[in-house]
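Read the structure below first, then the notes.
The values are calculated or read from the model by the stated rules, or taken from the named source; none is laboratory data. On a predicted model such as this, the values are computed, not experimentally measured, just so you know. Glycine gets a Cβ as well: all are built from the backbone with ideal geometry, and neighbour counts include every protein chain shown. Side chains included, ligands, DNA and RNA excluded: accessible areas come from the protein's heavy atoms. Shrake-Rupley method; radii C 1.70, N 1.55, O 1.52, S 1.80 Å.
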Amino acid sequence: MAIKVGIIGAGGMLQYHAAGFRQAGAEIVAVADAAPGAAKRAAEKYGIEKSYESVDAMLKGSPEIQAVSVIVPNKFHKPLTVQCLKAGKHVFSEKPPAMNAKEVKEIIDAAKAAKRKVLFNFNNRARPESQAMMKYITDGTVGKINSAQAKWIRRTGIPGFGGWFTTKALSGGGPLIDLLHMIDLAMYFMGYPEPAHVLGQTFSEFITDKQFKGPWGIPDRADGTTDVENAAHGFVTFKGGQVLSLQVSWAEMVKREEVSVVFQGTKAGGKVERLFGIDGLDNTAIDTCELYVQENGNSVNRSIVTPACEDMGRIGSAANFIHAIEGKAAPLNTPEQALRLMQVIDAIYASAKTKKPVSI
């Protein structure tokens, strides 16, 4: 029997969730969105039978739903995830996992009580490059990763002015929380070590400068709020002695958008990278996956060839959620990992505010 799925949110990410769920053999039975008419339009576009204008109505009207995906502004990730868990549903939530680590703990408690799975859309783990690199890490080729550098930087990437992305009360923060994928990927490669200390700084000089708007067509709101950072830099030490440096930005004086994790292991180093020709446009990007080793007294750089994946693993990530529920695959991430990630994010913001290192 196919897993029956309900989707909360009719935004742009729905296309990837729907494609991934269907690729894995699931049946999408309903979509819900609070915006009048949005769910109905999405249902017609994606061939979904039922549409609702509230989550309550969907859970009541389609009790056959076994799993739910959450595609809404960050503020609502935790409450909707907990609501659906309490209703006995498995949950696949967009990133970030929640607004902060405290909320992730609430999700963990709810998942344990409901005995249901929760996965988050850390889609970059599902990219062919990331999966290829993980094989070299797990088979011992890389050794222990001592240090890593995580970047998701943009020159012109502010997603609209005055909307929910730039409103801290709705988003939790700016690019640091929005583009946390590479921090997650670096920690994934490192074995998700327990963080110890964090030093961070945020910058907001460009956050209201219209020259730095990204290409996504999100409308500006003149009466809206813009109170988040445009860039964040940080350094993390872990209890096992590993270290991570990070740079995340929507708007910063860089050459072009770069999405990358570079690491240094005891046996080999490596890099997973996407360079954009035009900020924000995946079809202009160049992907690279490399391994750095010493062999026979020579420095050898291996280029790892992987299948093209323009969607950056989004479809594969959604498919993994279904396979994980069915027991056909290990989940690509866990709530416990999400907790450590959000502890790092929280600490960077706290360090930036206090101008001091933060212990976790």
Next item on the list: At 7 Å along the Cα-to-beta-carbon direction for both THR306 and GLU27, put a label point, then send me their distance in nm to one decimal.
Entry: 3.4 nm
Next item on the list: Just tell me which lysines come within less than 26 Å, Cα to Cα, of LYS112; anything on the same chain fewer than 8 places away is out.
Entry: LYS4, LYS60, LYS75, LYS78, LYS86, LYS89, LYS95, LYS102, LYS328
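Once you have a ≥ b ≥ c as the square roots of the Cα gyration tensor eigenvalues for the stretch 239-360, tell me rounded if a/c is under 1.5, and otherwise prolate or oblate according to whether a/b is larger than b/c.
On the way: a/c = 1.25, a/b = 1.10, b/c = 1.14.
Rounded.
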Checklist line | Rounded tilt (10° steps) of 101-114 against the dominant C-alpha axis of the chain | finding: 50 degrees
Item checked: Answer label for volume of the Cα convex hull per residue in Å³ (calculated), chosen among [x] 223; [y] 130; [z] 140 -> [z]
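When DSSP beta bridges are limited to those with both residues in the chain, what percentage is antiparallel, rounded to the nearest 5? Numbers along the way, then the final one.
Working: 46 of 72 bridges.
Just about 65 percent of them are antiparallel.
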Check: Ignoring ligands, DNA and RNA, what percent of the accessible area of the stretch 23-149 is carbon or sulfur (1.4 Å)?
Finding: 52 percent
Next item on the list: Give, in nm to one decimal, the length gained when the segment between GLN15 and LYS255 is fully stretched (0.36 nm per residue of separation minus the Cα-Cα distance).
Entry: 83.4 nm
Checklist line | 10 Å-binned pair-distance histogram of the stretch 45-182 (Cα, whole percent) | finding: 10, 31, 32, 22, 5, 0
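For the stretch 208-360, which whole percent of the accessible surface, found with a 1.4 angstrom probe, sits on carbon and sulfur atoms? Can you show the working numbers first?
Values: 3820 of 7410 Å².
The nonpolar share, carbon plus sulfur, comes to 52 percent.
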Notebook entry, point to check: Quick one: helix 314-326 against the long Cα principal axis of the chain, what's the angle to the nearest 10°, folded into 0 to 90?
Noted result: 70 degrees
Check: Pick from GLY88, GLY20, GLY327: which residue has the top mean-square fluctuation in a GNM of the chain where Cα pairs under 10 Å get a spring?
Finding: GLY327
